[in-house]
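K.L.:
After the structure tokens below, expect a handful of questions from me.
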Amino acid sequence: MSYYISTTLKNTTFQEAIEKTTAALKEEGFGVLTEIDLKATLKKKLDADFYNYTILGACNPKMAYQALQAENKIGTMLPCNVIVQERKPGIIEVSAVDPAASMMAVENDSLVDIAKDVQQRLTKVIQSI
């Protein structure tokens, strides 16, 4: 089982890919709590050059609340990370964590349905952009 859901975009800019991803997340009830520009961070902290890579911390409040009620330490796995990266110019990959795969590490059967619901929504997001 893969730990991520992914798609590749062409004929779009990196910034447009971030905007499309954010809009698709919103359509599925997710907000973006954090946005980390890894390229800028690595340049600032390490003076290292890196390609365009942004991490979006996506959260669906209703589902997060349900998961937290079932497992109080599940916050260690929240929010759901979605990455937008451009390793080669003009080819942008958007990937989301597969919560069903990551939740396998948590031995709590009450999380299974929540994880599957989030998985379906994130898959829909990735497929829609």
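The values are calculated or read from the model by the stated rules, or taken from the named source; none is laboratory data. This is a predicted model, so every value here is computed, not measured. We place every Cβ from the backbone using ideal geometry, glycine too, and count neighbours over all the protein chains shown.
K.L.:
Of the residues that make up region 76-85, is at least one without any contact (Cβ under 8 Å) to a residue 24 or more places away in the chain, outside any helix (DSSP H, G or I) and in contact with a helix residue (DSSP H, G or I) (Cβ under 6 Å, 6 or more places away or on another chain)? Give the derivation first.
P.N.:
First pass over region 76-85, keeping only residues without any contact (Cβ under 8 Å) to a residue 24 or more places away in the chain: 76, 78.
Those still in the list that are outside any helix (DSSP H, G or I) too: 78.
Within this subset, residues satisfying the condition of being in contact with a helix residue (DSSP H, G or I) (Cβ under 6 Å, 6 or more places away or on another chain) are 78.
Scanning region 76-85, I find at least one residue that is without any contact (Cβ under 8 Å) to a residue 24 or more places away in the chain, outside any helix (DSSP H, G or I) and in contact with a helix residue (DSSP H, G or I) (Cβ under 6 Å, 6 or more places away or on another chain), so the answer is yes.
K.L.:
Against the conditions (1) of a type in the set (A, V, I, L, M, F, W, C); (2) surrounded by 15 or more Cβ atoms within 10 Å (Cβ to Cβ); (3) under 12 Å from the mean Cα position of the chain (by Cα), where does residue 70 fall short? Just the number, please.
P.N.:
(3)
K.L.:
Only one of (1) within 13 Å of residue 126 (Cα to Cα); (2) in a helix (DSSP H, G or I); (3) among the small types (Gly, Ala, Ser) is not met by residue 6, so which one is it?
P.N.:
In the conditions (1) within 13 Å of residue 126 (Cα to Cα); (2) in a helix (DSSP H, G or I); (3) among the small types (Gly, Ala, Ser), residue 6 misses (2) alone.
K.L.:
Being acidic (Asp, Glu), touching a Leu at 6+ places or on another chain (Cβ under 8 Å), within 13 Å of residue 129 (Cβ to Cβ) and part of a strand (DSSP E or B) is the requirement here; does residue 35 meet it? Please lay out each step first, then the result.
P.N.:
Numbers: acidic (Asp, Glu): yes; touching a Leu at 6+ places or on another chain (Cβ under 8 Å): yes; within 13 Å of residue 129 (Cβ to Cβ): no; part of a strand (DSSP E or B): yes.
Against the criterion (acidic (Asp, Glu), touching a Leu at 6+ places or on another chain (Cβ under 8 Å), within 13 Å of residue 129 (Cβ to Cβ) and part of a strand (DSSP E or B)), residue 35 does not qualify.
K.L.:
Sort out which residues of region 103-125 are part of a helix (DSSP H, G or I), modelled with pLDDT under 90 and surrounded by 17 or more Cβ atoms within 10 Å (Cβ to Cβ), and write them in order of number.
P.N.:
Residue satisfying the conditions is 103 alone.
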